[in-house]
Amino acid sequence: MSLLKRLESKKATEDVNREERKTQSHFVRDPYASLKASLHKKLVDELKDVKEPEEGDNRFMAKRIEELVERYLTSDGENRIPRPERLRIAGEIVDEIMGYGPITSLLNDPEVSEIMVNGPDQVYVERNGILELTDVFFRDNDHVMNIIDRIVSPLGRRIDESMPMVDARLPDGSRVNAIIPPLSLNGPVITIRKFSRDPFTVEDLINFGTLTPPMAAFLEACVRARLNIVVSGGTGSGKTTTLNVLSSFIPPSERIVTIEDAAELQLRQPHVVALESRPPNIEGKGAITIRDLVRNALRMRPDRIIVGEVRSGEALDMLQAMNTGHDGSLTTGHANSPRDMLSRLETMVLMAGMDLPVRAIREQISSAIDLIIQQSRLRDGSRRITHITEVLGMEGEVIVLQDLYTFRQTGIDRDGKIKGYFSCTGIRPKFMEIIEACGIKLPPNVFEPSIL
């Protein structure tokens, strides 16, 4: 036998063995997989003419499905299945029909902050900042694709070979990203960033150790005084959560326009207009970008503009809005430090296609932004505001920054937790005159040099 034939034969054998192992593994993990599949098909056929339940009728529909499952199991002679297993089967079928399949229980778990589906056989979650492998699995790639379709279809979005990536959100605001073959070699991949049903408050962030009470009082004063603020940080560092908390300080009398790729912000003020970008249609047309929405928002008489994240040319429009009377605007961006955030803003402005000199861009940035809040996710999974930095202006060709608060890491304890402290530099920011002119009184110890 030739070498090529031997390699082909070996590969075929390995493929068969892999499929057998996968089937056996699924059977070991769930010996009732085929039974659930047949029950699911029967229930779909029986319930297809039933009117889609309103939110208040979900419990009734779930109860109805559980009764039908019990009836089928009894009539088919499956009552030998122990009652706990019958209840589990019924619950999983309810999740499959009314929820998001196998990951429904993870979505309902308040301790889970992120869900990562790496194909049908591997699901990771993040709990307390630590990744862990779960025993959750899907039947096959098609099963994962069905769940993705169930998430994106109500939003008018699609995912297929011509558009194999999509950003979406769940009804509770949780952020969803999906990517499928041929781009993903693991099969369909889903990443869900969960958000608390009740948005975190500033008290929650203080309890988590993200910041201290003096820092919180200072940030509240900055928002109420309509300073322009950028929250920067890496992926998963908590930028959106901090932006939500900052937004909660905005007075309820103001008109707020929010602009996002996928709506995530959970503002509680009564006068909020939420805008969401739109991807191109199947013909590659009709896309509405963040930049389009920022320009449109300027015509909507906003008191505040909040951009969920600036990634490219919309940074120029955002800076111009901050410089033309829309004080108090808020946004986030990816960067490793306040200085890096300024460099990224320069790059994003250049992405707008405007041939501007670097000095002109830096002057725009320095006059538009008052404060940069740097957020980091530390090795133990905790989130900290590591810098609160004032943008002072230009000195020659350089934008001058001044740290007001910093977090200093001192080590790691026996449990792997980060040890450190917040430090106040003791410097009063230049914009304190603006805060005081708004009648906002800060505690006298807010800027005292200290270790917090």
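Read the figures in this text as sums done on the coordinates, not as results from a lab. Everything quoted here is computed from the prediction, not taken from an experiment. Ideal geometry is used to build each Cβ from the backbone, glycine not excepted, and the neighbour counts take in all protein chains shown.
Values as computed for the structure displayed
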read-out: In order through region 360-375: 3J(HN,Hα) via Karplus (6.51 cos²θ - 1.76 cosθ + 1.60), integer Hz, x for Gly, Pro; value: 5, 5, 5, 5, 4, 5, 5, 7, 8, 9, 9, 8, 10, 10, 9, 10
read-out: Assigned charges on the beta-carbon of Lys, Arg, Asp, Glu; region 401-452 dipole about Cα centre (debye); value: 140 debye
read-out: Dimensions in Å of region 246-396 - Rg and Dmax from alpha carbons; value: 16.0, 50
read-out: For region 164-206 versus region 209-225, the gap between their alpha-carbon centres in whole angstrom; value: 28 Å
read-out: Most to least packed among 222-230, 142-150 [average Cβ atoms within 10 Å]; value: 222-230, 142-150
read-out: Cα centroid separation - region 272-306 against region 368-426, whole Å; value: 32 Å
read-out: Mean shadow area of region 170-275 over all directions, Cα convex hull, nm²; value: 8.3 nm²
read-out: Simple Cβ-charge dipole of region 109-196, Lys/Arg +1 and Asp/Glu -1, about Cα centre, in debye nearest 20; value: 340 debye
